[in-house]
Structure formats: structure tokens, C-alpha cells
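Quick notes on the structure that follows.
The numbers here are math on the coordinates, done by the rules we state, and not lab data. Keep in mind that this is a model prediction, so the values were computed, not measured. All Cβ positions, even for glycine, are placed from backbone atoms using ideal geometry, and neighbour counts span all protein chains on display.
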Amino acid sequence: MASGIKDFSVTFGARMVTLVLSIASQSCLAWGLGVEGRGAYAVCVLIPELLTLLFMLGCDVGVIYEVASKRQSLSQGVMHITIYGLSASAVAIVAGIVCIHLRVPIFTKAAPRELYLALTMIPLSFLAGVFAILLTSIREFVVSAVFSIIAGVLQVVLTVLFVLLLDWQIIGAILSLVVGNSLTLVGILAVMWRRYGLRLVRPDLARIRDMLHYGLRYYLGKLSNLANVELGTILLALFATKAEIGLFAVASQATGRVEMIPNTLSSVLFPRVASTPGGRPDLVAQSVRISFLVCGALLAVLTAFATPLIYVLFSPDFLGSVPLIRILVLGVLLRCASKLFVPYLSGINRPGIASFAVGAGVLVNLALVVLLLPRIGLSGAAIAMCASYVVSSAILTFTFRRLSGLSLWEIVRPRKSDWEPMRRIWDRLRGRGAAEAGPNVSIDQDRMSP
């Protein structure tokens, strides 16, 4: 079995498990917090994400590229991202405290003590996330998958304990993230130390500069990407009620969970693209087609059964999110396909193009939200997000076509070979792949495979 099939199968299987765990956690939050509490919690999670993104300057992407392309060792990458991550986190936390005291509008949708606790997530969630992805940069997909499952289990257990049993409400929900990320971070570092020779190394300012230089070129893309996804929530936090924020947060998360597919493919693609001259465009194009097919099927099921799923998983109070889900699915589907062009652009050292594409989407999102939100409410925010995904996806697609030399028809045309890796992945996930794999099926080398 080709290494690409194995890596994708392991990563995808783990993310399927974490998806189920994430849904369980979100369901606990919905039943335990209610619509308004879920809205306040969404703001508490959003603020650390925004501050992290603003002050990290894309260095997480930079260190992943440096390690994946073998410009830095794992020990160097961990040392450099830790130094910068802790320094930037300190600045981000101070900025957050100032905003809380100044009563910046978005900071008024939750209680100050909830926001103060949420700020402690900045260094913990950032470093835990980066270290987990660094494992995939050295192609240790199994270990990374194990930690993703552990993190998901911790999140469910802690949410049940703090929110449902102890009834600590929003404080309990935030505390479950803080404790879960802390335990995951310690676990990853311990395994890196014992299994992969992680050691303390002397910091190299030139290496940190290289990491930041790459990250800064992708910074606009990361900034725009989060803004594009969360812009509706950000603006709702300024102009809407907590209940409306809660409904929109559930709708965007329900549709966004399907991005597990392209995210899995991206984590497997990136080290291959970054370490191969030319970036393997055929492999990327095949991954795009697979992502479109699988995500399309999942989103169709979500659309058809949105009402009973929301009713059972999130309580009847959240049924107002169903119309929003049905608006978002088209844009999310295009996003799921076009996201696979991003590891290609990043891997060939052209991250600025991805930044431009997402930035253009943000402008569309912002313009339409301002235009439609006062007129048609939450549906306007959903339409704006959908339109932004269409614009950014179009830019990524035609840029990939130009740089790769593949025609649009070559990119989108289904092939019989596209089904082969999917069948092999399914067999492997069912435990039969090792027994049935033939030596002639080497998709990672002969045909394309994630």
C-alpha cells in the first residue's frame, strides 16, 4: 500500500473519530448552555482566535513549512515556535485585557471573568495545535492522529464534567478547553522528547527570521481566512443578540465540520508538495476531485436531514439554524474543493496568492454582510459567507490552473483512477486494505494519492 494511502487513511480515520467527539462536545454545550449561553461562549472562543491570529503573524505556517521542507529540524522548529509563540501570546493577552477594560463592543457580549479565562487559551491552544501539525511535517501521521483522538476524548469528558455535571456554565465550557489543551500540549512534548529525539537547542535568530518571513507572506491569508469564516459572527457580536450569535455559530459549525476532508488531505499533501520540485499538481488536482465528491455527499445528507439532526443534537431551541445551513452548503462545498490548492501554493513558496484569494473573499463577505444583515437578518450573513467562498474559490482555482499548466477540464474531469484510492482507503479503514493491497497499486508514486 502506498504511503499516501496509509497516511490519509490514518489521518482521515482519526478525524472521523474526532468529528464524532466534536459533535458530542458541541451537543453537550448546546443542551447545557442554551441559545444565549452558546452565543456568549462563541464570543469567548472567537476572541482568543482573533488575538492569536493578529499577533502570531503566520509563524505557525512558517515553522511547519521550515520543518516539512527540512530547512529546520524538529528540535529547532519546536524551540523557535515556542519562543515566538510565548512572546506573542503575552502581547496578545495584554491587548485583550486592555480591550476588556475599554469595553470594546465585541468584548461586551460575555462577562469579563469569562473573557479573562478565555485569554489563557491563547498560548495553550496555539502551541498544542502547532506541535500536533509538526508531527505530520515529519510524516508521523499515526502519532498525530492518536493525539487528535486523545484531545477529542478529553474535550468531551471535561465538557460533560464541567458543564453538565458541575453546571459551571460558560466558565466550565472555557475551562474544559484550557485543561484539555494543557494536557495535550504536555503529552505531545513528552512523546517528541522520548520518541523523536526532541532536545533543547540554541535559538537561531536567522532561523526565526526565516520562519517569520514565510509566515508574514501567508499572514494576510490566515488573517483573511479566519475573518472570512468568522466575519458573520464578528458582526453579529456587534449588532445582534446572544441568541442570534448562538444560532449562526451552530449553523457555521455544522457545515464547517465537513472541512475535515480537505483539512486531512491538506495535512498529507503539504509535506509531499513542499519536498517535491514542481509541487505535484496532478496529485493536488486528484485530491480536489476526491474532496468535492466526498464533501458533496456529506453536505447533501446534512441538507436533507438538517432539521432532525439539529433537533436531536442541539435541542429544539436551535432549529432556527436550519435555514442558515441550507444557504451555506453551496459555498462550503466550493471551499472544500478549492482549499486543496492552498497546500500547493504554500508548498511551492507562493503563499501570498492564497492570501490574496482569501482577502478578496473577505471584502465580498464584509460588503454583503453590511448590505444584507440589516435587511434580512441572519440569512444575509449566511448569503455573504457563501458568496465570499465562491469568490475566493474561483481565484484559487484559476491561479492553480495558470501555475500548474493544467487546463480547467484536466483539473475537474472525473477519472476512473479517482475511485481507486477511495476504495483502497475504505478497505484500509475497514481493516482489509493490508490484506488486499496489490503491489501494482502505488498511488503515491504511480498514480495520484493524498
Using only the alpha-carbon atoms of the stretch 141-202, report the extent along each of the three principal axes, biggest first, to the nearest angstrom.
44, 27, 12
Multiplying the sequence separation of V157 and S417 by 0.36 nm and subtracting their Cα-Cα distance, what value in nm do you get?
89.4 nm
So for the stretch 41-160, considering every pair of alpha-carbon atoms, how many percent are separated by more than 21 Å?
46 percent
Using Cβ contacts closer than 10 Å as the measure, can you line up L269, L366 from fewest to most?
L366, L269
Taking the Cα centre of the stretch 3-433 as origin, sum charge times position over the Cβ atoms of Lys and Arg (+1) and Asp and Glu (-1), and report the length of that vector in debye to the nearest 20.
1180 debye
Can you give the convex hull volume per residue for the Cα atoms of the chain, as a whole number of Å³?
137 Å³
For a quick protection proxy, order the peptides 330-336, 56-62 by their average other-Cβ count within 10 Å, most packed first.
56-62, 330-336
Report the gain in length on full extension from A190 to L86: 0.36 nm times residue separation, minus Cα-Cα distance, nm rounded to one decimal.
35.6 nm
Under 30 Å, Cα to Cα: Lys pairs in the chain, sequence gap 8 or more or different chains:
11
If you take the beta carbon distance between D282 and V201 as r and set R0 to 22 Å, what does 1/(1 + (r/R0)^6) give as a FRET efficiency, to the nearest 0.05?
0.05
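In percent, how large is the relative contact order of the chain, given Cα pairs closer than 8 Å and 6 or more residues apart?
For the chain, the relative contact order is 25 percent.
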Between V98 and L293, 0.36 nm times their residue separation minus their Cα-Cα distance comes to what?
65.6 nm
Order these peptides, 243-253, 181-191, 346-356, 392-402, by their mean beta-carbon neighbour count within 10 angstrom, highest first.
243-253, 346-356, 392-402, 181-191
Can you grab the distance from the C-alpha centre of the stretch 368-417 to the C-alpha centre of the stretch 252-315, Å, no decimals?
15 Å
Those helices of the chain passing the 30 Å axial Cα length cut-off and the mean Kyte-Doolittle cut-off of 1.0 (DSSP H runs only) are 3-56, 74-102, 169-195, 281-304, 351-376, 378-404
